[in-house]
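Here the structure comes first, spelled out in structure tokens, and everything after it is commentary.
Just so it is clear, none of the values below were taken in a lab; they were calculated from the coordinates. Just so we're clear, the structure is a prediction, and the values are computed from it rather than from any experiment. Note that each Cβ is placed from the backbone with ideal geometry, even for glycine, and that neighbours are counted across all protein chains shown.
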């Protein structure tokens with residue numbers, strides 16, 4: 001069976017319409033002449049025209065049915081093509097959005113991995129900062145001890161008088177006491 005295209009159906013529809021219109025015109029003419037013959041009381045002519053109209057009527061009905069069937073077929077084929085086109089567009093849209101979703105998921109995974117790497121680096125930097133703060137506090141404590149030992153040596157040599165309070169360096173501790181971030185770094189890493 002040969003494939004029918006919209007063009008084939010359209011050509012057949014045009015031919016069927018012409019044929020149906022021609023047959024309808026012949027039937028209308030025969031029925032019109034029949035009405036005139038009856039009115040003129042020409043019954044033999046009326047019988048002849050009635051037979052002619054009766055012979056034409058099935059052909060007219062069949063031709064008009066063919067036109068309707070071809071119109072329905074053309075409409076069904078158009079609807080089928082419309083649905084196929086809509087399905088193809090939807091498939092393309094779904095594929096495009098699927099690709100976008102996949103790209104977004106890959107970008108998300110990459111960004112999450114990067115965030116984890118930065119978090120790990122930050123934790124290492126915070127631990128290193130805490131270690132540096134502890135080292136600074138240790139150095140400051142050693143400076144205070146050295147100052148006390150120096151002052152004691154000066155007292156022992158008689159250069160200074162003994163004092164109740166010996167001032168020691170506390171710049172690092174003062175910063176920690178006034179900077180919440182530094183204090184929190186030390187608190188969380190001890």
Worksheet, complete the sentence: Taking r as the C-beta separation of residue 189 and residue 90 and R0 as 45 Å, the FRET efficiency to the nearest 0.05 is 0.20
Item to complete: Please report Rg over Rh for the chain, where both radii come from the alpha carbon positions and Rh follows the Kirkwood definition.
Response: 1.90
Response to the item:
Computed, not fitted: 222 nm per-residue ellipticity of the chain from DSSP H runs ≥ 4 (each -39500 (n - 2.57)), nearest 500, equal to -32500 deg cm²/dmol
Worksheet entry | Residues residue 42 and residue 17, FRET efficiency given R0 of 35 Å [Cβ-Cβ distance, rounded to 0.05] | 0.55
Discussion item. With a cut-off of 8 Å between alpha carbons and a minimum separation of six or more residues, what is the relative contact order of the chain in percent?
Written reply: 18
Discussion item. Starting from the 7 Å offset along Cα-to-Cβ, what nm value, one decimal, do you get for the label separation of residue 50 and residue 139?
Written reply: 13.0
Practice prompt. Could you calculate the FRET efficiency of residue 117 with residue 177 from 1/(1 + (r/R0)^6), where r is the beta carbon distance between them and R0 is 45 Å, rounded to 0.05?
Written response: 0.85
Discussion item. To test your reading of the geometry: what angle, between 0 and 90 degrees and rounded to tens, separates the Cα axis of helix 6-39 from the longest principal axis of the chain?
Written reply: 30
Worksheet item: What are the semi-axes of the equivalent ellipsoid for segment 114-188, taken as the square roots of 5 times the Cα gyration tensor eigenvalues, largest first, in whole Å?
Response: 39, 12, 6
Worksheet item: Measuring from the lowest to the highest alpha carbon on each principal axis, how far does segment 1-66 reach, largest first, in angstroms?
Response: 54, 17, 12
Practice prompt. Return one number: the angle in degrees, 0 to 90 and rounded to the nearest 10, between the long axis of the Cα atoms of helix 43-157 and the longest principal axis of the Cα atoms of the chain.
Written response: 0
Fill in: Additional length obtainable on full extension of the chain from residue 69 to residue 132, 0.36 nm per residue less Cα span
13.5 nm
Item to complete: State, to one decimal in nm, how far the label point of residue 147 lies from the label point of residue 82, with both points 7 Å from Cα in the Cβ direction.
Response: 9.2
